[in-house]
Amino acid sequence: MVPISCGAGYVYLCFLWGFKLVANMELSEVNVSCIDCGSQGPNQSSLPAQNPSAGMTTALASVLIFTIVVDILGNMLVILSVFRNKKLRNAGNIFVVSLSVADLVVAVYPYPLVLMAIFHNGWKMGDMHCQVSGFIMGLSVIGSIFNITAIAINRYCYICHSLQYDRLYSMKNTCCYLCLTWVLTAIATVPNFFVGSLQYDPRVFSCTFAQTVSSYYTIAVVVIHFIVPLLVVSFCYLRIWILVIQVKHRVKPDNKQKIKPSDLRNFLTMFVVFVLFAVCWAPLNFIGLAVAINPMKVVPQIPEWLFVTSYFMAYFNSCLNAVIYGLLNQNFRKEYKRILLTLCTPRMLFMDTSKCGTEGMKSKPSPAVTNNNQAEINL
């Protein structure tokens, strides 16, 4: 576990660097020649040279600095919250921590390199850093959507099939599901090296997925990495909403409600996480799909500001989840406050706070099977 003091120091350095970057930002031409872009070689985008305005580069740098700071602080709070409290260490929150890790890694390595590219008006870090940063970005985004899908399936089983939940999500099974999630993520990311799709794009100052390398591959990426997971998540949350409505309107007054308010709040929190992810990543994915279907016609018609905005919307998403947990989930919010209060006494930072009464998305015991409640649990 990374100590919070190291993370705070890293964030402080990002603030200083970012302030200097924005203060000294001047209008200059983006040079994408092989000499100025470092040893890009075949991994340099074939796009024509761009000349972004000082206002645009300043805005991009500001958004990225804010994203890095909130990403690191927020996701470290999430990880520490689960680490410190045994009642938060459960099957549901294992995937929440995994999602936080996926969001955190981009703020530690790829995003600072993007800031350096903005500062230098081009990629100066060489081909190796370009490939590695592009690969890590791919792992992060695919890992995020796969973890969001895993969370949705977990919530679906927890609420709609609670009688089988403990058997399906034992600790051993949950660890297997988590490993499977990241194995699939790695398998989905590795083909980029063989296709040669990780290239520097001067419009977004990033080594990222080039949508024009292969139309078929781009279509496959959008469908498998975005559309299919969104359909699975939508199905799970739709079934939960249907059950919530049925319980609300069909349960007799003398029977206990089978969906606890805390369960419903946890579901709503993760539903908002899913919606924000879809909103932030949909523009970039649909632009890529349109480009892949008809690149000759679509590429000239896409305004540069729209393409750049879609990219930085996607980057911005990595800092949102921890904020959502704090705003909508009272249990995480209380743990956040405890962690921040203990910063003045660092030795207490890693102490177990389970006795403080915090409860998370924990595995509930399978309800007793009776004639009165069995039919109300399962659709």
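The values are calculated or read from the model by the stated rules, or taken from the named source; none is laboratory data. Source: prediction; values computed, not measured. Here Cβ is always computed from backbone atoms with ideal geometry, including for glycine, and neighbour counts include all displayed protein chains. Quick note on the areas: whole protein, heavy atoms, side chains included, nothing else; ligands and nucleic acids left out. Shrake-Rupley method; radii C 1.70, N 1.55, O 1.52, S 1.80 Å.
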For a test of the definition: using alpha carbon positions, the gyration tensor, and the 1.5 limit on a/c, classify segment 57-169 as rounded, prolate or oblate. prolate
What accessible area, in Å² to the nearest ten, does a 1.4 Å probe give for I227? 50 Å²
For the pair L327 and M296, what calculated FRET efficiency results from E = 1/(1 + (r/R0)^6), where r is the Cβ-Cβ distance and R0 = 35 Å, to the nearest 0.05? 0.20
Mind grabbing the accessible area of M171 for me, 1.4 Å probe, Å², rounded to tens? 100 Å²
Residue-level accessible surface for W281, protein heavy atoms, 1.4 Å, Å²: 40 Å²
Leaving out ligands and nucleic acids, note down the accessible area per residue over segment 135-174 with a 1.4 angstrom probe, in whole Å². 32 Å²
Largest-first ordering by accessible area, 1.4 Å probe, given options H225, H161, H249, H120: H249, H120, H161, H225
Please compute the length gained on full extension between I227 and H249, using 0.36 nm multiplied by the number of residues separating them and subtracting their Cα-Cα distance. 4.7 nm
Violations at 32 Å Cα threshold for listed pairs K248/K334; K172/K334; K172/K248; K172/K260 -> K172/K248
